Amino acid sequence: MSGLGKIYGNGTVALQDVNLSINEGEFISFVGPSGCGKSTIFKLIAGLEERSSGNLEILGMTPKEARKQSEIAFVFQDHTLLPWLSVLDNVLLPLELRGMPKARRVEEAERALALVGLLEHRKSLPRHLSGGMKMRVSIARALAARPKLLLMDEPFGALDEITRQTLQDELLNIWQQDPSMTVLFVTHNTFEAVYLSTGIVVMTPRPGKVSAVVDVTAPFP
Ligand code: ADP
Ligand code: ADP
């Protein structure tokens, strides 16, 4: 990102002159108070909003190109699983939409479910799962297409502390298994940011400028 700015239609300056460079394979957390522009940065990266100024490049592509090539996946706090589909079918859906052949689809979906320890629950419906398990399904769904860039916006915000900690460790394991996967993570929990990240982007409340990038050289073992 260089000189990246976003002004919404109503005149709100959400981001101003953001300069950031993130290397492949990093795990970067974005922290800062509500309204500082964390979600806006993610929307620009995901190609869901247009930038107003500056430049943004992802893996040598524009965000839209990167999205088309399924290089980007998202996980949000309110896991949007389809309630009438089984766990497996929920994970299969995005692969199906991308036109992946059936056999390969099932293989990739089951691999992703195994990563989050939910393979044996593949036939369950979402309503029979706990909050933590639903979040695991969302993570599996995001990982199934083997994205190069995983965007997570407060994924564990709604979970109890024990579940949160377990999922933090699972996420670290998954990330460590794929050295080329970059994770960008929004959290209000500074501990979580320090625990998970190779670097932390600290954003100021107004007017949404990135004030510092802190390198976390030694996360907890
Ligand atoms: P955060 O994720 O850090 O809470 P956001 O990126 O959601 O921050 O919001 C940054 C600023 O942009 C806030 O002032 C917010 O009110 C404003 N904003 C976000 N989305 C829109 C939108 N669609 N239209 C107008 N203003 C918006
Ligand atoms: P408090 O002091 O309020 O109990 P902590 O700072 O101990 O809170 O914990 C904050 C968060 O960090 C919680 O999600 C907790 O589960 C997690 N946590 C605490 N210690 C560790 C640790 N050693 N490794 C991983 N997560 C931890």
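The values are calculated or read from the model by the stated rules, or taken from the named source; none is laboratory data. Just so we're clear, the structure is a prediction, and the values are computed from it rather than from any experiment. Here Cβ is always computed from backbone atoms with ideal geometry, including for glycine, and neighbour counts include all displayed protein chains. These accessible areas exclude ligands, DNA and RNA; they are computed on the full protein's heavy atoms, side chains included. Shrake-Rupley method; radii C 1.70, N 1.55, O 1.52, S 1.80 Å.
Take Leu184 and tell me if it is modelled with pLDDT of 95 or more and touching a strand residue (DSSP E or B) at 6+ places or on another chain (Cβ under 8 Å).
yes
Of everything in the stretch 192-213, what is modelled with pLDDT of 90 or more and small (Gly, Ala, Ser)? Give them in sequence order.
Ala193, Ser197, Gly199
For (1) in contact with a helix residue (DSSP H, G or I) (Cβ under 9 Å, 6 or more places away or on another chain); (2) within 16 Å of ligand 2 (Cβ to nearest atom); (3) open to solvent by 80 Å² or more (accessible area, probe 1.4 Å); (4) in a loop (DSSP other than H, G, I, E, B), each residue gets a yes or a no:
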{"residue": "Leu44", "(1), (2), (3), (4)": "yes, no, no, no"}
{"residue": "Glu50", "(1), (2), (3), (4)": "yes, no, yes, yes"}
{"residue": "Ala73", "(1), (2), (3), (4)": "yes, no, no, no"}
{"residue": "Glu107", "(1), (2), (3), (4)": "no, no, yes, no"}
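Tell me, yes or no, whether the stretch 127-137 has at least one residue that is open to solvent by less than 60 Å² (accessible area, probe 1.4 Å) and of a type in the set (D, E, K, R).
There is at least one residue in the stretch 127-137 that is open to solvent by less than 60 Å² (accessible area, probe 1.4 Å) and of a type in the set (D, E, K, R).
Return the total of residues in the stretch 52-66 being surrounded by fewer than 20 Cβ atoms within 10 Å (Cβ to Cβ) and not in a strand (DSSP E or B). I'd like the intermediate steps shown before the answer.
Kept after step one, since they are surrounded by fewer than 20 Cβ atoms within 10 Å (Cβ to Cβ), are these residues of the stretch 52-66: 52-57, 59-62, 64-65.
Subsequent filtering for residues that are not in a strand (DSSP E or B) retains 52, 56-57, 59-60, 62, 64-65.
Adding up the residues that qualify gives 8.
Assuming Asn189 fulfils every condition listed in (1) under 19 Å from the mean Cα position of the chain (by Cα); (2) open to solvent by less than 70 Å² (accessible area, probe 1.4 Å); (3) at pLDDT 90 or above apart from one, which condition is it?
Result: Asn189 passes all but (3).
For the stretch 20-33, which residues satisfy the criterion of being in contact with a Lys or Arg (Cβ under 9 Å, 6 or more places away or on another chain) and assigned to a loop (DSSP other than H, G, I, E, B)?
Initial filter on the stretch 20-33 (in contact with a Lys or Arg (Cβ under 9 Å, 6 or more places away or on another chain)): 24, 30-32.
Selection gives Glu24, Gly32.
Determine whether Ser52 is within 14 Å of ligand 1 (Cβ to nearest atom), at pLDDT 90 or above and over 13 Å from the mean Cα position of the chain (by Cα). Show your work before the answer.
Values: within 14 Å of ligand 1 (Cβ to nearest atom): yes; at pLDDT 90 or above: yes; over 13 Å from the mean Cα position of the chain (by Cα): yes.
Against the criterion (within 14 Å of ligand 1 (Cβ to nearest atom), at pLDDT 90 or above and over 13 Å from the mean Cα position of the chain (by Cα)), Ser52 qualifies.
Only one of (1) assigned to a helix (DSSP H, G or I); (2) modelled with pLDDT of 95 or more; (3) open to solvent by 70 Å² or more (accessible area, probe 1.4 Å) is not met by Glu96, so which one is it?
The single condition Glu96 does not satisfy is (2).
Would you say Ala103 is surrounded by 20 or more Cβ atoms within 10 Å (Cβ to Cβ) and away from ligand 1 (no atom under 16 Å from the Cβ)?
no
Working carefully through the options Asn90, Asn10, find the one that is within 16 Å of ligand 1 (Cβ to nearest atom), out of contact with any strand residue (DSSP E or B) (no Cβ under 8 Å at 6 or more places or on another chain) and at negative phi.
None of the other options fit; the residue is Asn10.
Among the residues of the stretch 83-93 satisfying the criterion of being surrounded by fewer than 19 Cβ atoms within 10 Å (Cβ to Cβ) and over 19 Å from the mean Cα position of the chain (by Cα), which is nearest to Arg141 (Cα to Cα)?
Asp89
Six or more apart or on different chains, Cβ atoms under 6 Å: show the pairs whose first residue is in the stretch 1-19 and closer than 12 Å to Arg51 by Cβ and outside any strand (DSSP E or B) and whose second is more than 8 Å from ligand 1 (Cβ to nearest atom) and of a type in the set (A, V, I, L, M, F, W, C).
Qualifying pairs under 6 Å: Met1/Val18; Met1/Leu20; Met1/Leu56.
Answer yes or no: is there a residue in the stretch 167-182 that is in contact (Cβ under 8 Å) with a residue 40 or more places away in the chain, over 21 Å from Pro83 (Cα atoms), within 16 Å of ligand 2 (Cβ to nearest atom) and part of a loop (DSSP other than H, G, I, E, B).
No, the stretch 167-182 has no match at all.
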